[in-house]
Ligand code: F6R
C-alpha cells in the first residue's frame, strides 16, 4: 500500500508532489512526507502525521521550492502511524520512499548496527536507506549502488531513491509493488499509480518486475533484474480520473452508492441485444475457452470475494458449472488442486491487491485453461497480466468501502454467466431470463435508493450497539457477508454473517434481547426456511430487522421490524438487496461521526500481503 510520487524538472515540483499525494491518498492516509532539494542545494524533508492535508498545511507555512523531490503517503505496516515512521527515510545524503515490505529488515538492521548505524524509526524501510549509504561508500554511481543493494533485500518493494550529492537523478526499483514513469518534456516523473501523474503527462512507461530505472529530466534508462539495459514500451493513457469531485454529495461513498444505477446502465449499454449478451471485448477466438471450461475457480479478497461467493451460487444453480471461491491469501499458500478444465477468474476493484495478483501469477504455473480478470482499473497489474479481461467500468471509486465496484462486478458476472450458458448450448431461457432481469436492474436499484429515508431512521437503532448478526440463505448469504463487512469497516460495530441454517449450530447462543439480527429474506424458494430461522431468533428474544419484499402478514410486531422492499427479479436480488444495506451502514457511520470515506486503519488498495 502507500503511495509514491517523484519528480525531476526544470520547474518547481513541490505543488506537483503534493497534488500527487492527494490523488494517492486512497492507498494510505496514516501519515505523509516529502523530501525536496531546495534552490540553495539543501535537502528539506517535511513529514506529518495524518492525512495529506496536514502536510499541505505544513508546506504552506514554508517557502519551499525545488526541482527534484520524492514524496509518500503511508499506510502503516511496520511501525505505528507516527511522524518518525513517515517516509521519506534518510541516511546522510540518501532519501528513500518505499511501498511494500522488506521481510529481512531485522537481520539487515543487526548488521547495520555492527557498522555503526542507528535506526530512528520502527519501519522496515529505513534500513534500505542506510544500506544504500553504506554501499555507496564503496564507490560507483547511485544506480550501481542500488543495483548492488537490491539482491540483499527480501520481500516486496516499489521504491524511489534520491542522493542529495547527485541532484540530477532519481533511481527507482520495482519488485512486487508497481511503479510507473511519466514522461514529460525536459521533465520526468515516477509514481506508484498513474493517477498521480496524469495532470502532468499521459505518456507512461510501466516498470516490470525486477526493473531498476535511472530517471533524469531528459533521459530514462531501464535495466532488468540481471542488469541488462532494456526497452519498455511507452503508452499513451486514456484513463479518466474524476477523484476530485463529490458533486452534490457529502461523501464519496454516498456519491458512489447513488451512481450505481447509472454505471450499471452504462456497463450494459450495447451488450444486450436480441435477448443475448455480446462481449466483443473477449474476442471470438477466446470463446472456445469459456465453452470448454468445466470448473471455475474464483480468487479475490474482501468485498470482491463476496461478489465471487454470489457468483458461485449463480454458476452452479443456473448452468451447473462447479465453482470454487477462494480468499486470495489462502489460495496462494494452500497448494490448491486444479480441477479438470478449470478456468481462473480474479475479481478486484483496484487490480493491485497483492494477494490476488500473487494468486494470478501462481495460477500461471498451474494447469488452468486460462485466466480472466474482472476489474475496475484498466491500467492495473491484474488487467495487464491476465489472459482475458472484463472491465467493470464503474468509474473511480474513492470511498474506501467498496459499493459500486461490488454491484458492477456482479453485473459483469451475470453477463458472463449468460454468455457461458449460450456458448455451452444450454436452454435459451436461461440467457433470456438474465437479459430480462439485467434490463430492468438500473430501475430496480433506483427503487432501492428510494429507501434512503427508511435507512436514516433505522440507523438510529444501531448507533449504541456493539454487535450485529446478519443472516441470509442461498445467494443472499454472501449479501449478508457483504452487509456485515460494510457495517464493520465504516461504523466499527462488530458484525458477523451466517448462513441462516447455521444459526442453531452455535451462533444462537449469542442471541439476547440486546442483539440486533438483520435478516435478508426476499420472496424466493427459501423464504419458508428463513422464516423458521426468524422464529428461532424471536423465541430467544432477539431483535429482528427483516429486509424483504414478501408478505409477513404484519408490518411490525414486538421485537421484529419488517423493512418492506420493492419487488426485484429473483436472479438479480443480491445486486439490489445490498443497496439498502450500504445505505444503512453509511448512515450509522455518519451518526457515529466516523470518517466515512477513510475509515481508520484501512486503505483503498491493499498492495502488501
Ligand atoms: C471493502 C473493501 C475491501 C476490498 C478488498 C479487495 O469495502 O473495499 O474489502 O474489497 O481489499 O480489494 P480489490 O477489490 O481492489 O482487490
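Determine how many Å³ per residue the convex hull of the Cα atoms of region 542-609 encloses.
Values: hull volume 11.2 nm³, N = 68.
Dividing the Cα hull volume of region 542-609 by its residues yields 164 Å³.
Direction-averaged shadow area of the convex hull around the Cα atoms of region 451-490, nm²?
Mean projected area of the Cα convex hull: 3.3 nm².
Counting pairwise Cα distances across region 231-339, what percent come out greater than 19 angstrom? Walk me through the numbers before you get to the answer.
On the way: 4127 of 5886 pairs.
It works out to 70 percent of all Cα pairs.
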* Structure fact -> dims of the chain, Cα set, principal axes, largest to smallest, nearest Å -> 81, 55, 45
* How large is the Kirkwood hydrodynamic radius of region 82-232, in angstrom, based on all distinct alpha carbon pairs? -> 15.6
* Structure fact -> Packing-ranked peptide list from 421-430, 314-323, highest mean Cβ count within 10 angstrom first, is 314-323, 421-430
* Structure fact -> The alpha-carbon pair-distance distribution computed for region 532-581, with 10 angstrom bins and whole-percent values, is 23, 48, 27, 2
* To do: Give the value in nm², to one decimal: projected area of the alpha carbon convex hull of region 29-104, averaged over all directions.
  => 5.3
* Of every Cα-Cα pair in region 383-489, the percent that sits beyond 21 Å -> 54
* Asked: Is region 426-467 best put as rounded, prolate or oblate by its Cα gyration tensor, with a ≥ b ≥ c the root eigenvalues, rounded for a/c under 1.5, and otherwise prolate when a/b is larger than b/c, oblate when not?
  -> oblate
* Structure fact -> The base-10 log of I(q)/I(0) that the Debye equation returns for region 468-556 at q = 0.20 Å⁻¹, one scatterer per C-alpha, is -0.90
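Using only C-alpha atoms and all pairs of different ones, pull out the Kirkwood radius for region 289-447 in Å with one decimal.
Values: mean 1/r = 0.0634 Å⁻¹.
It is 15.8 Å.
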* With no solvent and one point on each alpha carbon, what is the Debye value of log10 I(q)/I(0) for region 12-142 at q = 0.15, 0.16 Å⁻¹? -> -0.71, -0.80
* Report, in whole Å, the centroid distance computed from the Cα atoms of region 92-118 and region 536-576. => 56
* Structure fact -> Computed over all unlike Cα pairs, the Kirkwood hydrodynamic radius of region 449-602 in Å stands at 15.4
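Quick note: the coordinates plus some simple rules give every number you see, no bench work behind them. All values reported here derive from a predicted model rather than from experimental measurement. For neighbour counting, all protein chains shown are included, and Cβ atoms are generated from backbone atoms with ideal geometry for every residue, glycine included.
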